[in-house]
Amino acid sequence: MTTLLARHADILVTMDGQRREIADGGLFARDGVIAAVGATADLPDTADQVLDLRGHIVLPGLINTHHHLYQTLTRAVPAAQNADLFTWLKTLYPIWARLTGEAVYVSALVGLAELVLSGCTTASDHLYLFPNDVTLDEEVRAAQELGMRFHASRGAMSLGESQGGLPPDSVVQDEKAILADCRRVIEAYHDPRPYAMTRIVIAPCSPFSVTPTLMRASAEMARAYGVHLHTHLAETLDEERFCLERFGQRPAAYAADLGWTGADVWWAHSVHVNPQEIALLARTGTGVAHCPSSNMRLGSGIAPVRAMRAAGVRVGLGVDGSASNDSSHLLAEARQALLLQRVAGGPGALTARQALELATLGGAAVLGREDIGALVPGRAADFAAFRLERLAYAGALHDPVAALLFCAPQQAEVVVINGRIVVSEGQIVTVDMGPVIERHNRLSRELVEAS
């Protein structure tokens, strides 16, 4: 048995049922699971590892519900900087067609490292291109090496341009091969147990890149294995027009008819949903990954998050692809969610603490996990500590919790995942990132220049 004690945090944000924020707080964990949370004076005096967090605020580990890690290789590509979603995709598909297994592995390390430095401890990624020797295994390996809790989504595209889809035929796959590989990765990696570090998700990409047949077959397979389902839906008006012209339905109705609603399903974006469709999400327990930076970057619109929350929809946050953000900073994403909802609904639309809730409890609910998202006994020892005595927070310590969201987003000083220290003194300690960054930049340059 290994134990860990974090103590003397200026404030420990629990996200428990009472939303307690404990002064001089801390927690005690055994074998990666929280055993006690409270004031430092009420906790054990020692442990195998002791973290003195004076001058820090401690949060539950943040949870990312939507990402495309491979896109860290194509950030700020000039031809895609000022494009809407469909134009952006058509610009980048030919570059992504040259992806390799090495590129996917290295890009996953980079994107996950960026996330963990922002205080993120659980990430879901959506890999939907499998050219050359690319497999989902490379992302799983990267997450394991870094020490990140990871939901790996086996995405897919099967509807190429010749069949009326958006992607070129060169980046789509045969549907039998897709389903066979979905089965392979589920059986190889999915861990349904509490505190699991790796889970698999089945994730056909979008209405404009897969067939209804694959959507139905994917849902049947996922439910047979007890894994979750994920897809892009209702992101843009172009997608809405595509669905109306091809299927005679809006995206939400199309998904519902295919069995793509329920507590085991979450949609990415859901920008263009009407009140009836929000009611559908709430009634069926279907989750939403809100990706404000990407939605702004591509000019897609503003998701009605306030209305979703009021209706009882499960909503989490996603940084989305690093080529449409172009970063992987989840605390920054929470800040964007806060600000963007206020653009749409006024200053009362979302508070700092509600934005933080989206990034913690909201993400846990979307991923279907009751073992993360809060610092309470029985949940995983996943947390992040941010140093308060820094320039960015000067003058904002009247409310340190709100300062995290209103002030410029900072990196975490300490991050613990499953009771293991992954970031110490602001540096990742599980992987030497210097050579990784150098390798990543070389691969990125080769990939883009070859196009």
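The values are calculated or read from the model by the stated rules, or taken from the named source; none is laboratory data. Predicted, not measured: the structure shown is a model, and the values here were computed from it. Cβ atoms come from the backbone with ideal geometry, glycine included; neighbour counts cover every protein chain shown.
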task: Can you work out which of the residues in region 181-194 that are in a loop (DSSP other than H, G, I, E, B) and charged (D, E, K, R) is surrounded by the most Cβ atoms within 10 Å (Cβ to Cβ)?
output: ASP191
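Table: residues versus (1) more than 22 Å from the chain's Cα centre (by Cα); (2) within 19 Å of ALA323 (Cβ to Cβ); (3) of a type outside the set (Gly, Ala, Ser).
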{"residue": "THR40", "(1), (2), (3)": "yes, no, yes"}
{"residue": "LEU59", "(1), (2), (3)": "no, no, yes"}
{"residue": "LEU62", "(1), (2), (3)": "no, no, yes"}
{"residue": "HIS66", "(1), (2), (3)": "no, yes, yes"}
{"residue": "THR74", "(1), (2), (3)": "no, yes, yes"}
{"residue": "VAL77", "(1), (2), (3)": "yes, yes, yes"}
{"residue": "SER107", "(1), (2), (3)": "no, yes, no"}
{"residue": "GLY119", "(1), (2), (3)": "no, no, no"}
field: Residues of region 263-296 classified as in contact with a Phe, Trp or Tyr (Cβ under 7 Å, 6 or more places away or on another chain) and farther than 22 Å from LEU244 by Cβ, total
entry: 2
- prompt: Out of the residues in region 233-254 that are under 25 Å from the mean Cα position of the chain (by Cα) and in contact (Cβ under 8 Å) with a residue 40 or more places away in the chain, which is farthest from GLN276 (Cα to Cα)?
  reply: ASP238
message: Looking only at region 139-180, filter to residues that are under 17 Å from ASP191 (Cα atoms) and in a loop (DSSP other than H, G, I, E, B); which one of those is nearest to the chain's Cα centre (by Cα)?
response: MET148
Strands (runs of 3 or more DSSP E) (entirely within region 1-105) containing at least 1 residues that are without any contact (Cβ under 8 Å) to a residue 40 or more places away in the chain, exposed (fewer than 15 other Cβ atoms within 10 Å of the Cβ) and of a type in the set (A, V, I, L, M): 21-30, 33-39
query: Quick check: is even one residue across region 227-239 under 18 Å from GLU161 (Cα atoms) and not basic (Lys, Arg)?
result: yes
task: Could you figure out which of (1) part of a helix (DSSP H, G or I); (2) over 16 Å from VAL288 (Cα atoms) isn't true of ALA323?
output: (1)
Enumeration of residues in region 126-171 that are acidic (Asp, Glu) and either more than 12 Å from ILE200 (Cβ to Cβ) or modelled with pLDDT under 95 (or both): ASP133, GLU138, GLU145, GLU161, ASP169
- request: Any residue in region 113-137 that's in contact (Cβ under 8 Å) with a residue 12 or more places away in the chain and charged (D, E, K, R): show its pairings with residues that are in a loop (DSSP other than H, G, I, E, B) and buried (at least 22 other Cβ atoms within 10 Å of the Cβ) at Cβ separation under 6 Å, as long as the two are six or more apart or on different chains.
  value: GLU114/SER328; ASP125/HIS67
statement: Picking from ALA408, ALA402, the residue that is crowded, with 16+ Cβ neighbours inside 10 Å and not hydroxyl-bearing (Ser, Thr, Tyr) would be ALA402
